[in-house]
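*Asks:* One structure, as structure tokens, below. Some questions next.
The values are calculated or read from the model by the stated rules, or taken from the named source; none is laboratory data. On a predicted model such as this, the values are computed, not experimentally measured, just so you know. Cβ coordinates were reconstructed from backbone atoms using ideal geometry, including for glycine residues, and neighbour counts include every protein chain displayed. Accessible surface areas use protein heavy atoms only, side chains included; no ligands, DNA or RNA. Shrake-Rupley method; radii C 1.70, N 1.55, O 1.52, S 1.80 Å.
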Amino acid sequence: MLENADLGKLIVRLTLGGLLLFHGIAKLFHGVGFIESQLVSHGLPAVLAYGVFIGELLAPLMIVLGYQTRIGALIVVINMIVAIVLVHTHELMQLSQSGGWALELQGFFLFIALALVFLGPGRYKLHS
């Protein structure tokens with residue numbers, strides 16, 4: 001049987017980091033106004049919205065490159081918990097129209113990042 005845990009970790013890193021980068025790039029081009037309004041509605045300073053660039057641009061790049069992967073993945077975990085608490089709490093127990101969990105994407109980002117916290121980057125990485 002073919003077994004290569006390091007290649008599997010690389011695939012996980014590229015998938016998580018690559019898909020999350022799209023969200024960060026969108027916020028880079030379209031701004032963080034929605035996030036600012038959510039923070040303010042919860043009594044938090046609007047300036048914290050710029051932290052999304054750390055969680056959706058810097059951390060995914062760290063993950064893709066395999067540079068300080070565990071730290072990057074932990075940042076994504078924190079970012080996703082904040083996103084779920086601020087915006088998606090009401091959807092925790094809901095299904096989508098197609099029958100899946102309403103928070104599939106957020107759950108994917110959260111739990112795959114958490115797995116990378118424990119797994120690390122594997123052998124195929126940028127040396128630090």
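*Asks:* Could you say which residue among V40, V64 is β-branched (V, I, T) and either within 24 Å of L14 (Cβ to Cβ) or open to solvent by less than 70 Å² (accessible area, probe 1.4 Å) (or both)?
*Replies:* V64
*Asks:* If you don't mind, another one. Could you tell me whether the stretch 69-87 includes any residue that is farther than 28 Å from H42 by Cβ, surrounded by 12 or more Cβ atoms within 10 Å (Cβ to Cβ) and touching a residue at least 40 places away in the same chain (Cβ under 8 Å)?
*Replies:* Within the stretch 69-87, the subset farther than 28 Å from H42 by Cβ is 69-70.
Subset that is surrounded by 12 or more Cβ atoms within 10 Å (Cβ to Cβ): 69-70.
Still in the list and also touching a residue at least 40 places away in the same chain (Cβ under 8 Å): 69-70.
Within the stretch 69-87, one or more residues are farther than 28 Å from H42 by Cβ, surrounded by 12 or more Cβ atoms within 10 Å (Cβ to Cβ) and touching a residue at least 40 places away in the same chain (Cβ under 8 Å).
*Asks:* What helices (runs of 4 or more DSSP H) lie completely within the stretch 26-102 and have 1 or more residues being among the polar types (S, T, N, Q)?
*Replies:* Output list reads 33-41, 69-83.
*Asks:* Okay, next question. Which one of the conditions (1) out of contact with any Gly (no Cβ under 8 Å at 6 or more places or on another chain); (2) free of Cβ contacts under 8 Å to residues at least 60 places away in the same chain; (3) closer than 21 Å to F118 by Cα does L92 fail to meet, given that it meets all the rest?
*Replies:* (3)
*Asks:* Among A59, A26, which is without any contact (Cβ under 8 Å) to a residue 24 or more places away in the chain and on the phi < 0 side of the Ramachandran plot?
*Replies:* A26
*Asks:* Sort out which residues of the stretch 1-19 are among the charged types (D, E, K, R) and either in contact with a Lys or Arg (Cβ under 8 Å, 6 or more places away or on another chain) or part of a helix (DSSP H, G or I) (or both), and write them in order of number.
*Replies:* D6, K9, R13
*Asks:* List pairs: first residue in the stretch 106-128 and within 11 Å of Q68 (Cα to Cα) and modelled with pLDDT under 95, second residue open to solvent by 50 Å² or more (accessible area, probe 1.4 Å) and not in a helix (DSSP H, G or I) anywhere in the structure, Cβ distance under 6 angstrom, at least six positions apart or on different chains.
*Replies:* Sorted first by the residue in the stretch 106-128, then by its partner, the pairs are L126/Y67; S128/Y67.
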